[in-house]
Amino acid sequence: LKETNYIAPLYLYHDDGTRDSNFKRNEFKKLISNLASEPSPQDMFDYIYAILHSPMYREKYKEFLKSDFPRVPVPIQKNFDRLVSLGRELRELHLMKSPVIDIGDTTFPETGNNVVEKLGYSGDKVWINGTQYFGHVPERAWNFYIGGYQPAQKWLKDRKGREVTYEDITHYQRIINILLETDRIMQAIDGK
């Protein structure tokens, strides 16, 4: 049985240790010919990352994306630099390398056993048991979807019956910040 794998690395590495951009093909050069200068491979990645996070793009191509590879529109200079910048912000957020992940209002104010027992959301609180909660969690973060699941909910459900540590609490607060920033940037990609 032959297995087919599809990968699209940013760089192609050679036996001698050198690398070439995977975007160097002639067809690709034609696609970017309307840009003022040839973008770096990282800029192209960030542009594509931004496009794939556009709510309008996702809605427009929803059915197509279920069955095929995404098609990325040819970049035009007018929007290219803005989308590269937004894509870079998203990439850094999702890799947890952005300083923004530690800036937020989410709290964990009550002491207790820190065991995730019964999850619930009310007001701006994510309850993990009868007495403890994460405070200042906007509903849009709690209900935010990525793919087919809601990360703010799934992360806690995966820890049901376990005690969350200080590191876990900090990590969850970062997740909330990342979701809020992702939502903000996604809206900015569409110019909202």
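The values are calculated or read from the model by the stated rules, or taken from the named source; none is laboratory data. Bear in mind the structure is a predicted one, so any value in this text is a computation, not a measurement. Cβ sites come from the backbone with ideal geometry, for glycine too, and all protein chains shown count toward neighbours. Note: accessible area is taken over every heavy atom of the protein model, side chains too, but ligands, DNA and RNA are not part of it. Shrake-Rupley method; radii C 1.70, N 1.55, O 1.52, S 1.80 Å.
Quick one: which residues, 5+ away or cross-chain, put their amide H under 5 Å from the amide H of Thr107? H built at 1.01 Å from N. HN-HN under 5 Å from Thr107: Gly135, His136.
In the structure shown, do any of Lys62/Lys160; Lys97/Lys157; Lys29/Lys78; Lys97/Lys192; Lys30/Lys60; Lys125/Lys192 have a Cα-Cα gap over 30 Å, and if so which? Write down the numbers at each step before the final one.
Working: Lys62/Lys160 33 Å; Lys97/Lys157 25 Å; Lys29/Lys78 18 Å; Lys97/Lys192 25 Å; Lys30/Lys60 25 Å; Lys125/Lys192 27 Å.
As for pairs spanning more than 30 Å Cα to Cα, those are Lys62/Lys160.
May I ask you to derive the relative contact order of the chain, considering only C-alpha pairs under 8 Å and at least 6 residues apart, and to give it as an integer percent? 20 percent. Each residue of segment 40-46 was assigned a 3J(HN,Hα) from its phi angle through the Karplus curve 6.51 cos²θ - 1.76 cosθ + 1.60 (θ = phi - 60°); the sequence is 5, x, 5, 5, 5, 4, 5 Hz, with glycine and proline shown as x.
Taking Lys and Arg as +1 and Asp and Glu as -1, the other residues whose beta-carbon sits under 13 Å from that of Gly161 total +2. When the square roots of the Cα gyration tensor eigenvalues are ordered a ≥ b ≥ c, the ratio a/c for segment 46-101 is 1.5 or more and a/b does not exceed b/c, which makes its shape oblate.
Considering just Cα atoms, how many Å³ per residue does the convex hull of the chain enclose?
Working: hull volume 37.7 nm³, N = 192.
Hull volume normalised by residue count: 196 Å³.
The phi-based Karplus calculation (6.51 cos²θ - 1.76 cosθ + 1.60; θ = phi - 60°) puts the 3J(HN,Hα) values of segment 169-185 at 4, 4, 4, 5, 4, 5, 4, 4, 4, 5, 5, 5, 5, 4, 4, 4, 5 Hz, whole numbers, x for Gly and Pro.
Over segment 1-137, give the accessible area per residue in Å² for a 1.4 Å probe, as an integer. Numbers along the way, then the final one.
Numbers: 9290 Å² over 137 residues.
Value returned for segment 1-137: 68 Å² of accessible area per residue.
When only Cα pairs below 8 angstrom with a gap of at least 6 residues are kept, segment 10-74 shows a relative contact order of 25 percent.
Using helices alone, I'd like the mean residue ellipticity at 222 nm for the chain: each DSSP H run of four-plus residues gives -39500 (n - 2.57), total over residue count, nearest 500. Please report the intermediate quantities before stating the final value.
Working: 8 runs with 83 residues, N = 192.
Value at 222 nm, helices only: -13000 deg cm²/dmol.
Here segment 135-192 is treated as a Stokes sphere of Kirkwood radius computed over C-alpha pairs; at 25 °C and 0.890 mPa s its diffusion coefficient rounds to 199 µm²/s.
The average projected area of segment 80-192, computed from the convex hull of its Cα atoms over all directions, is 7.5 nm².
Suppose every Lys and Arg Cβ carries +1 and every Asp and Glu Cβ carries -1, with no other charges. What dipole size does segment 1-125 come out with about its Cα centre, to the nearest 20 debye? Spell out each step's value before the answer.
On the way: 18 positive and 19 negative charges, 120 e Å.
Computed about the Cα centre, the dipole is about 580 debye.
For segment 63-102, carbon and sulfur atoms together expose 57% of the accessible surface, with a 1.4 angstrom probe and every protein chain in place. With respect to the chain, whose longest principal axis is taken over its alpha-carbon atoms, helix 77-94 is tilted by about 40°.
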